[in-house]
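Peer 1: After the structure tokens below, expect a handful of questions from me.
The values are calculated or read from the model by the stated rules, or taken from the named source; none is laboratory data. Because the structure is predicted, anything quoted here is derived from the model rather than measured. Here Cβ is always computed from backbone atoms with ideal geometry, including for glycine, and neighbour counts include all displayed protein chains.
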Amino acid sequence: MKKEIVFITAILIFISCRYSKKETTVSIKPNNDSTFANVKDRAWWKEAVVYQIYPRSFKDSDGDGVGDLKGIISKLDYLKSLGIDAIWLNPIYTSPNDDNGYDISDYRNIMKEFGTMEDFNALLKGMHERGIKLVMDLVVNHSSDEHYWFKQSRSSRTNPYRNYYHWWPAEKGKPTYRWSFFDVKSEAWKYDTLTNSYYLHYFSKKQPDLNWENPKLREEVYDIMKFWLNKGIDGFRMDAFQFASKDTTWPTLPKGYENNVIKYYGNGPHLHDYLQEMNKEVYSKYNVMSVAEGAGSSPEEAMKFVDPARKELNIAYHFESVDIGKSLNDYGLVNYKKIFSRYDSVFKDKGWLAIFMANHDQPRMLSKFGNDDSLYKAASSKLLSTFVLTMRGTPYYFNGDELGMSNIRFNNIEDYNDVDTRNKYENLKNTGGDLKAFLEDKKQTSRDNGRTPFQWNSTPNAGFTTGKPWLKVNPNYTTVNAATQENDSNSVLNYFKKIVALRKSSPALIYGAYKLYDINNTKVYAYTRVLNNEKFLVVLNFSNTETDFILPDELKSFTTITLTNYSSAKAVIITNNSIHLQPWQSVILK
Ligand code: BGC
């Protein structure tokens, strides 16, 4: 008996020595041109890691409780330390803030709460000095009702700005029903007594839709774009632009269409004409990133936005991979793998995608795709970062996810700020709906979960502000914060830096072919990324339990661990036939 134990122990020691390498050591080669030899169609926006900043919540410099540009400036060295290449900044233009900056009343000025144009210039300079590019939000499906154009437009039926928006004269009766995302009654046509007409607003009533059929409006938008591009910014993320073209005969849409709104509101009759015109007038003159937020409802439709031959935009940011309901656990990993694999098969030879799991319109990535329970939160945060940074497409990474920030889960409607949550609550209240169930659901799904202030340190309000924060700070900031994690080599933050560095130094992780293995495995997402002789195998255990990934013959040559998210005590064990993974363990092999 004793002999057997000694024998088995010896074998186990042999296996772990043979296969459990130094799992968190990454050797990063410099990213120089020769590493990328043979790559066709290189572009900076394909190679960039984009980090999204929600300015209202990032860092407050003047104690008014709202993040601002000077706050971001004070954190430029932090941003540099992440290793990211570009920032996508949510809207910072003048706005009455019905939808936190997505309702713009002056496209050429900075929102007072955020600072001044001098602050903006300093921010852009500071970023460029550190080799970080800046991509701004372009919100031109709609403006604010407080924009000069709309004030003029509503003043009379004959005003020169009338056709900058969509109006319906009330003497013709009620316009055809259109559902609105944020309206208290979900109605997108709002009656305006001043001219006895209705105007269209797909979002809130303070966000009237611009009329892209009007060439004058289009010219105005191109001028605005040039104004910012000539200042030296590096691109635009086009907000809700897939809704810009409308069928202005306003046909009746099928009952229940609002459950598939992108199909009916996206891809209007002239959408691609407008994008081609915009490209000719603006984008073709600059080497910038242009991202289509929302890009149809299928990979084929998404391709139309970014097929280079069509000369429109360069990155498609589709919603299928976030529109999966409340959590990945409910949706199922197999279905999730199918989305990415379907898109990749259409995009493998041309076009380019964005890869992301979160943004300011989503709950926290950890709470939706991972597990924010204290047992699993660190490992699952690291695993999700591994996924976003090793897939084919430009990674868009949301601020705070690098710390493993999680949903705050408010109990009361008064805690919410978001127009979407508040107006839907109001709607339910007026129609006698189940408010308790609604609030329960929002704990998991509300956008405000992703908008709570950034957790800088363990001082009051997480070091975000010295005043009263505009949205409550997640109480877990005492342990989940940047300062603590910077000093811990095993932290979620330091892992993020490693995976960013690995991606940037590995052409295969940027341009390499993606191949999925074991599609029906309900726990493990495994794929290879291959470019010429550089080959990676990524194996991700999206579950709370240990599991084995059985290696098909063609993967048996992958034995060297490049990076894993567990410390050595729980090193990954690779035998000849399988990889044994801990809960939420990720491993990248060469
Ligand atoms: C933005 C949202 C915004 C909406 C209306 C979206 O796609 O990302 O935050 O509420 O457009 O502008």
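Peer 1: Which of the residues belonging to region 402-454 are in contact with a strand residue (DSSP E or B) (Cβ under 9 Å, 6 or more places away or on another chain) and either free of Cβ contacts under 8 Å to residues at least 60 places away in the same chain or acidic (Asp, Glu) (or both)?
Peer 2: The answer is Glu402, and nothing else.
Listed here are the residues, each with its yes/no results for (1) away from the ligand (no atom under 16 Å from the Cβ); (2) assigned to a helix (DSSP H, G or I).
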{"residue": "Asn260", "(1), (2)": "yes, yes"}
{"residue": "Tyr264", "(1), (2)": "yes, yes"}
{"residue": "Leu275", "(1), (2)": "yes, yes"}
{"residue": "Gly296", "(1), (2)": "no, no"}
{"residue": "Glu300", "(1), (2)": "yes, yes"}
{"residue": "Met303", "(1), (2)": "yes, yes"}
{"residue": "Lys326", "(1), (2)": "yes, no"}
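Peer 1: Let me ask another. State all residues of region 171-189 that are touching a Phe, Trp or Tyr at 6+ places or on another chain (Cβ under 7 Å) and either assigned to a loop (DSSP other than H, G, I, E, B) or within 16 Å of the ligand (Cβ to nearest atom) (or both); if no residue qualifies, say none.
Peer 2: Pro175, Thr176, Arg178, Ser180, Phe181, Phe182, Ser186, Ala188 - these are the residues of region 171-189 that are touching a Phe, Trp or Tyr at 6+ places or on another chain (Cβ under 7 Å) and either assigned to a loop (DSSP other than H, G, I, E, B) or within 16 Å of the ligand (Cβ to nearest atom) (or both).
Peer 1: Using the structure shown, decide if Asp64 is over 30 Å from Gln485 (Cα atoms) and modelled with pLDDT of 95 or more.
Peer 2: no
Peer 1: Based on this model, can you work out whether Ile110 counts as at pLDDT 95 or above, surrounded by fewer than 22 Cβ atoms within 10 Å (Cβ to Cβ) and β-branched (Val, Ile, Thr)?
Peer 2: Judged against the criteria, Ile110 is a match.
Peer 1: Please specify each residue of region 305-322 satisfying the condition of being basic (Lys, Arg) and touching a helix residue (DSSP H, G or I) at 6+ places or on another chain (Cβ under 6 Å).
Peer 2: Residue satisfying the conditions is Lys311 alone.
Peer 1: Also, quick follow-up: Can you go through Arg157, Arg162 and tell me which one is among the charged types (D, E, K, R) and either over 24 Å from Asp98 (Cβ atoms) or within 16 Å of the ligand (Cβ to nearest atom) (or both)?
Peer 2: Arg157
Peer 1: Okay, moving on. If you take the residues of region 87-118 that are in a helix (DSSP H, G or I) and out of contact with any helix residue (DSSP H, G or I) (no Cβ under 6 Å at 6 or more places or on another chain), which of them is nearest to the ligand (Cβ to nearest atom)?
Peer 2: Glu113
Peer 1: Would you please name the residue that is farthest from Lys231 (Cα to Cα), looking only at residues in region 267-286 that are surrounded by fewer than 18 Cβ atoms within 10 Å (Cβ to Cβ) and touching a strand residue (DSSP E or B) at 6+ places or on another chain (Cβ under 9 Å)?
Peer 2: Asn279
Peer 1: On to the next question. Only one of Tyr202, Tyr222 is touching a residue at least 60 places away in the same chain (Cβ under 8 Å), within 16 Å of the ligand (Cβ to nearest atom) and of a type in the set (Phe, Trp, Tyr). Can you tell me which?
Peer 2: Answer to the selection: Tyr202.
Peer 1: Among the residues of region 114-136, write down those that are of a type in the set (D, E, K, R) and crowded, with 22+ Cβ neighbours inside 10 Å.
Peer 2: Lys133
Peer 1: From the list Asn427, Asn476, Asn457, which one is more than 20 Å from the chain's Cα centre (by Cα) and more than 21 Å from Met405 (Cβ to Cβ)?
Peer 2: Asn427
Peer 1: Let me ask something else. Looking at region 135-148 only, could you name the residues that are more than 14 Å from the ligand (Cβ to nearest atom) and touching a Pro at 6+ places or on another chain (Cβ under 9 Å)?
Peer 2: Listed by number, the list holds a single entry, Glu146.
Peer 1: Specify which of the listed residues (Trp212, Trp168) is part of a strand (DSSP E or B) and either within 16 Å of the ligand (Cβ to nearest atom) or under 20 Å from Lys246 (Cβ atoms) (or both).
Peer 2: Only one candidate passes the filter, namely Trp168.
Peer 1: Given the conditions (1) closer than 23 Å to Ser143 by Cα; (2) touching a Ser or Thr at 6+ places or on another chain (Cβ under 8 Å); (3) within 16 Å of the ligand (Cβ to nearest atom), and given that Lys246 satisfies all but one, which numbered condition is not satisfied?
Peer 2: (2)
Peer 1: Since Leu124 meets every condition but one in (1) away from the ligand (no atom under 16 Å from the Cβ); (2) in contact with a Phe, Trp or Tyr (Cβ under 9 Å, 6 or more places away or on another chain); (3) in a helix (DSSP H, G or I), which condition does it not meet?
Peer 2: Result: Leu124 passes all but (2).
Peer 1: Tell me which of these Tyr317 doesn't satisfy, since it passes every other one: (1) crowded, with 23+ Cβ neighbours inside 10 Å; (2) farther than 16 Å from Phe542 by Cβ; (3) more than 15 Å from the ligand (Cβ to nearest atom).
Peer 2: (3)
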